[in-house]
1. Looking at the stretch 99-124 only, could you name the residues that are touching a Ser or Thr at 6+ places or on another chain (Cβ under 9 Å) and in a loop (DSSP other than H, G, I, E, B)?
2. Would you mention how many residues in the stretch 122-138 are surrounded by fewer than 19 Cβ atoms within 10 Å (Cβ to Cβ) and modelled with pLDDT under 95?
3. Run down GLY159, GLY130 and say which single residue is of a type in the set (Gly, Ala, Ser), assigned to a loop (DSSP other than H, G, I, E, B), under 22 Å from PHE33 (Cα atoms) and under 15 Å from the mean Cα position of the chain (by Cα).
4. Restricting the first residue to the stretch 79-92 and requiring it to be in contact (Cβ under 8 Å) with a residue 60 or more places away in the chain and farther than 10 Å from PHE49 by Cα, which pairs with a second residue that is open to solvent by 10 Å² or more (accessible area, probe 1.4 Å) and of a type in the set (D, E, K, R) meet a Cβ separation below 9 Å and a spacing of at least six or different chains?
5. Restrict the check to the stretch 171-193 and report whether at least one residue is in a helix (DSSP H, G or I), open to solvent by 30 Å² or more (accessible area, probe 1.4 Å) and touching a Phe, Trp or Tyr at 6+ places or on another chain (Cβ under 8 Å).
6. Just to be sure, is VAL167 more than 16 Å from LEU116 (Cβ to Cβ), hydrophobic (A, V, I, L, M, F, W, C) and not in a helix (DSSP H, G or I)?
Amino acid sequence: TEKETCHEMMDKSVDASIRCLRQLRDAVGDYCFAWGIAADDSGTQRGEFVNPELWVEMIKPHYARLCGWIHGHTKWKTFLHSCGSIYHLIPHMIDAGVDILNPVQTSAANMDPARLMKDFGGKIVFWGGGCDTQRILSTATPDEVREHIRERLGVFTQGGGYVFNQVHNIQPDVPAENVIAMLDAAYEYGCCRQ
């Protein structure tokens, strides 16, 4: 209802971020390879929090300005954390200059790994989605975890642009043997494949 005020507030936030980024760039230079522009969860299990058209109007310009500064003044990639079903926002994130998307919540609606790779593979790096932390990591057997990882990496590693990580934080109820199975499978089916 107060769009002008919202834009003014987000402009000030981007200005402050750029001031900090300028200092960080001067301090660390190319030792940094990616910068997290935001941790804005834009999705729920079933869809986007915000109508995509409103997101484009109200949020995209500010992401674009921040990503534009980073790309124009550093060699860094831009990294966005956004949980949930954000399928309809991904093209706008790419257009705004987001290079990397995390955590890739594949258990949410419209976030099927094969569909994501078909529609957006090569346009954005997916950093996550390698193991479903909601339905697999805490409840499956280690063998089921390994098979899940094999299937996921079979999809996500086609054409590059993927960094293995589980969908989100590992919760306290996850058996240690499942974490070991996940990491072993990631090495076996992921990084060491040609």
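1. If the condition is that a residue be touching a Ser or Thr at 6+ places or on another chain (Cβ under 9 Å) and in a loop (DSSP other than H, G, I, E, B), then ASP99, PRO103, GLN105, SER107, ALA108, ALA109, ASN110, MET111, ASP112 are the ones that fit.
2. So the count comes out to 4.
3. Exactly one residue qualifies, and that residue is GLY130.
4. Note: pairs meeting the criteria are CYS83/ASP41.
5. Checking the stretch 171-193: at least one residue is in a helix (DSSP H, G or I), open to solvent by 30 Å² or more (accessible area, probe 1.4 Å) and touching a Phe, Trp or Tyr at 6+ places or on another chain (Cβ under 8 Å).
6. Spelling it out, it is not the case that VAL167 is more than 16 Å from LEU116 (Cβ to Cβ), hydrophobic (A, V, I, L, M, F, W, C) and not in a helix (DSSP H, G or I).
Table: residues versus (1) more than 26 Å from GLU151 (Cβ to Cβ); (2) in contact with a helix residue (DSSP H, G or I) (Cβ under 9 Å, 6 or more places away or on another chain).
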{"residue": "GLU2", "(1), (2)": "yes, no"}
{"residue": "ALA27", "(1), (2)": "yes, no"}
{"residue": "GLN45", "(1), (2)": "no, no"}
{"residue": "SER85", "(1), (2)": "no, no"}
{"residue": "ARG115", "(1), (2)": "no, yes"}
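The values are calculated or read from the model by the stated rules, or taken from the named source; none is laboratory data. What you see is a predicted model, and the numbers here were worked out from it, not measured in a lab. Every residue, glycine as well, gets a Cβ built from its backbone with ideal geometry; the counts of neighbours run over all protein chains shown. Quick note on the areas: whole protein, heavy atoms, side chains included, nothing else; ligands and nucleic acids left out. Shrake-Rupley method; radii C 1.70, N 1.55, O 1.52, S 1.80 Å.
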